[in-house]
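Asks: Next up is a structure, given as structure tokens.
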């Protein structure tokens, strides 16, 4: 039987069915049935996601979608159940699949009451997330996009850490919902102009400048899309919800709170439907990205609260991605997309580790800690590995992403790109400072207040199980990045465009250079050829930088 | 059977059932259980709905049925609203059996229940009479007939609002509703009189034809404005909304579910007929009025709801806001506009009746749970009911894969089609404001109880109530995932009955005349 055409639907239905089972399963005090069922369901989902890289056709023409399914859903307006995967979304889906079982494991002890509610919502969140990544119909996409808000809001409101949880949850919802409402108007407007919600069709229309002759309206529409996504990322001035909610949310929820949904949406929808407007707004986004990196890093430096530190480091890391993708260079786009994976993995690992500390000592305040390395040799090891991945130590994954992004910015033709590159590069130093300082404050030096009182234990078998996959992936993604790039690059090369002034030969030259300097000796030579042999994408005549 | 009788068969069935229930109630000894009467009423509503479906087959076969000298017209449009009203009545009755006619064991605990116990037959009969009036409103193409229907439905709902006997708030609600309501009805009647003055007829088709030749266009304008005020009151559109919060707060919860949906659906049906069928030529005049009503309702409803602590008042303000969203559909001339308005009435009915039924179940006959604080932590003791309420609230917010989302989606896409993108922006911004208060309630359900435990009814949900809840829940879900069948019905309803006129008004009006007869 050929799974290719139904695999995406199966990916959606597995967690959905799991959620339904969990909701109906009676709850008993002290039983771990719900957690176990959730673990099985998420592992199963992860297994199914692996089908995608296994059967992905790397030779397919760039810009085409695989594992596609297109069924009419509603006749008028013409809404389709259209799902598909390309090089951009494939690894993100696998990532979502990978993080879910870890999230369940991380909640195993942390969530000990109202487990039915927790795991049901967690699986619904999983459904919404996978749905966002696979939808190719803007309407369907919007459905999952909005749906992702509800489980997260309830998770934060119910399982938040402090008394502030309800306020934080509502803040999260409003921050995300109001721009999304305007996004819906944008989609309705697009539908009124084009008569379709289908993303590939819209992309084709956009490339042919056939959406609307009204430039002004197009601009407003593109902003409606971009702002809605930027809030969810979050991009620098729109990050008001982030730190509060990262502080409140339980570990499993925090792992999927920021970053990938919004970034993916920018790459897929803003770049796909509004290429010209995205190019034109690039100088601003580059600036915001660079400011976000420095601002986030500086804020992270002065935090005493571990979760706040992680929140601002998240802001800095997603800003790196923003910086990369808005350069519209192959290196920047590839690096940015790759960095989404890195950021999610490193962030998730960091949150899991912090959660472990909290389980043991009941505090996220660094002033309570100190000298823990004596008691937790394994934990400090994992903390260090994660830190190195996050700050971009060569050999680990973070380095590949950051390097590609920064070299992409340098090659870019956006205004003041050298300035922004220089500013962004300081982020690398700053991130090393705050992360290493955190390690020092928590694990070395004199024993802190709590450490005296509580006898902590080192990692248990379950916790080892949660953390080693991360460590392994950091290394594998770092040394074998071309395996991932192979898919991501099929997307990056079609979005990257070059301005008129540059001869095609030079671009190719730069790309080759980039790949060589990234130290990816493992690079598949066929891929390099493929990347360079791509027909140059349509040149953007209207855009001026 | 004569075509006349066929045309009003659902109404006849409802009336007969209601009379039967009332007589049976009078002949039963006081204190005897009257639960069975409720089931008879439910059956009556079901039969009325079935007959409407049968009418649809006749309409499909041989075009719209007109009866009683052209005062009643049965077409896909009227059948849609008949079905909707019958469904609302059935679900409300299912949900209110325990409220008004509880099983004997339950009634002993509650003072209110014992008081209501003696008049419960009247309740069932009044609901059916009200439904009869609403059905007449939707199938009449003669304004005087519409008025009679309006009166029948209004008077029933006035009494129903006061059905929590022995409670001051309920009596206040009924009186307030009655005084303001009769005032508004008189506006409506005055509007009809002025339309007659301007065109020499009260038939919708004749008014449409007469509008282009009238010598007194001022009268015509005034009549439209008056009718708009009358209907605006019934659908609780701002600035005619002042009665809503008080009445919703005082009336019994299941009755609120009914009267916030069914009479509104009927009133919107009348408004659609009047605006698009009778006076499409005056679109330039009534469009600004509709825009003003829509924007005012959205803002007053949502901002008002932000201040509320009482859950029923909160939902009252939310229903004002939803009237505003619905009015946004009227701004379009696109055929989808009428269809989207119809769809929204159905979507709103499903989720709002559902929400009020859950509140009925949660807070019981004595309505012990009033404010958001009272609902705090309800999910702990009653997980399924709370989950259901959260689901209905999601739908009211407009979260995808629920009825509310498609409702909003169609309404605002109609507005965008009509060229009113700014209205869609305002409307969706408003739904952003709205989610603040819905979420406050929703997160409260899932928080820790404030006073150790939640007050309110702890009785098990009886099968009848569960059936009603399941129906409302499934309808909300189905309209959100497979809106196709309902959508195709409303789309069929829209072009046939209501010709969308943008240019060449007079010829189109006569076209509708010939089409309709």
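What follows is calculated from the coordinates using simple rules that are stated; it is not laboratory data. Since we're looking at a predicted model, the values are computed, not measured. Here the Cβ positions follow ideal geometry from the backbone for every residue, glycine too, while neighbour counts run over all protein chains shown.
Asks: How much mean residue ellipticity at 222 nm does chain B get from its helices, if each DSSP H run of length 4 or more adds -39500 (n - 2.57) and you divide by all residues, to the nearest 500 deg cm²/dmol?
Replies: Mean residue ellipticity at 222 nm (helix-derived): -25000 deg cm²/dmol.
Asks: In nm, give the distance between the simple-model label positions of residue B:368 and residue B:53, each being 7 Å from the Cα along the Cα-to-Cβ direction.
Replies: About 4.1 nm separates the two model spin labels.
Asks: Shifting gears a bit: Please tell me the relative contact order of chain A in percent, rounded to the nearest whole number, where contacts are Cα pairs under 8 Å and at least six residues apart.
Replies: It rounds to 14 percent for chain A.
Asks: Can you pull the mean other chain C-beta count within 10 Å for peptide B:427-437?
Replies: Mean shielding count: 5.
Asks: How high is the relative contact order of the stretch B:170-296, in percent, with contacts defined as C-alpha pairs under 8 Å that are six or more residues apart?
Replies: It rounds to 33 percent for the stretch B:170-296.
Asks: Sticking with this structure for a sec: Say each of residue A:6 and residue B:193 gets a label point 7 Å from the Cα, pointing the same way as Cα to Cβ; how far apart are those two points in nm?
Replies: 6.9
Asks: Next up: For the stretch A:339-419, compute Rg over Rh where Rg is the Cα radius of gyration and Rh is the Kirkwood radius from the inverse mean 1/r over Cα pairs.
Replies: In the stretch A:339-419, Rg relative to Rh is 1.14.
Asks: Please label the shape of the stretch B:147-190 as rounded, prolate or oblate, based on the square roots a ≥ b ≥ c of the eigenvalues of the alpha-carbon gyration tensor (a/c under 1.5 means rounded; beyond that, a/b larger than b/c means prolate, else oblate).
Replies: Here the stretch B:147-190 falls in the oblate category.
Asks: Please compute the average number of Cβ atoms from other chains found within 10 Å of each residue's Cβ in peptide B:438-450.
Replies: Whole-number average of other-chain Cβ neighbours for B:438-450 is 5.
Asks: Here's something else I'd like to know. So if each residue of separation counts as 0.36 nm, and I subtract the Cα-Cα distance between residue B:27 and residue B:216, what length gain in nm does that give?
Replies: 62.5 nm
Asks: What FRET efficiency comes out for residue B:183 versus residue A:70 if R0 is 56 angstrom and r is the Cβ-Cβ distance? Round to the nearest 0.05.
Replies: So, using R0 = 56 Å, E works out to roughly 0.50.
Asks: First measure r as the distance between the Cβ atoms of residue A:475 and residue A:162, then evaluate 1/(1 + (r/R0)^6) with R0 = 45 Å and state the FRET efficiency to the nearest 0.05.
Replies: About 0.80, to the nearest 0.05.
Asks: Something else about it: With the cut-off at 1.5 for a/c, could you classify the stretch A:1-124 from its C-alpha gyration tensor as rounded, prolate or oblate?
Replies: prolate
Asks: Rank-order B:19-32, A:186-199, A:482-495, B:393-406 by packing density, defined as the average count of other C-beta atoms within 10 Å over each peptide's residues, highest first.
Replies: Listed from highest to lowest mean packing, they are B:393-406, A:482-495, A:186-199, B:19-32.
Asks: To continue, here is another question. Can you tell me the orientation of helix B:262-273 relative to chain B, as the angle in degrees between its alpha-carbon axis and the longest Cα principal axis, to the nearest 10?
Replies: Computed tilt is about 10 degrees.
Asks: Tell me, in nm to one decimal, what length is gained between residue B:466 and residue B:20 on full extension, where the rule is 0.36 nm per residue of separation less the Cα-Cα distance?
Replies: Length gained, residue B:466 through residue B:20: 157.9 nm.
Asks: What is the Cα radius of gyration of chain B over 2.2 N^0.38 Å, N being its residue count?
Replies: Taking N as the residue count of chain B, the ratio is 0.92.
Asks: Which whole-number percentage describes the relative contact order of chain B, with Cα contacts under 8 Å and a sequence gap of 6 or more?
Replies: Over chain B, the number comes to 16 percent.
Asks: So for the pair residue B:201, residue B:309, with labels modelled 7 Å out along Cα→Cβ, what separation do we get in nm?
Replies: 5.7
Asks: Highest first, please rank the peptides B:72-80, B:150-158, B:163-171, B:130-138 by the mean number of other Cβ atoms sitting within 10 Å of their residues.
Replies: Most protected by this proxy first, the peptides run B:130-138, B:72-80, B:150-158, B:163-171.
Asks: Within 10 Å of each Cβ of A:170-181, how many other protein chain Cβ atoms are there on average?
Replies: 5
Asks: Where both partners of a DSSP beta bridge lie in chain A, what percent of those bridges are antiparallel, to the nearest 5?
Replies: Roughly 100 percent of the DSSP beta bridges within chain A come out antiparallel.
Asks: When Rg is the radius of gyration of the Cα atoms in the protein assembly as shown and Rh is its Kirkwood radius, what does Rg/Rh come to?
Replies: Answer for the protein assembly as shown: 1.02.
Asks: Please give the length that would be gained between residue A:429 and residue A:298 if that part of the chain were fully extended, namely 0.36 nm times their separation in residues minus their C-alpha to C-alpha distance (nm, one decimal).
Replies: Additional length available on full extension: 46.1 nm.
Asks: To continue, here is another question. Set the Förster radius R0 to 22 Å, insert the Cβ-Cβ distance between residue A:60 and residue A:212 as r into 1/(1 + (r/R0)^6), and round the FRET efficiency to 0.05.
Replies: 0.10
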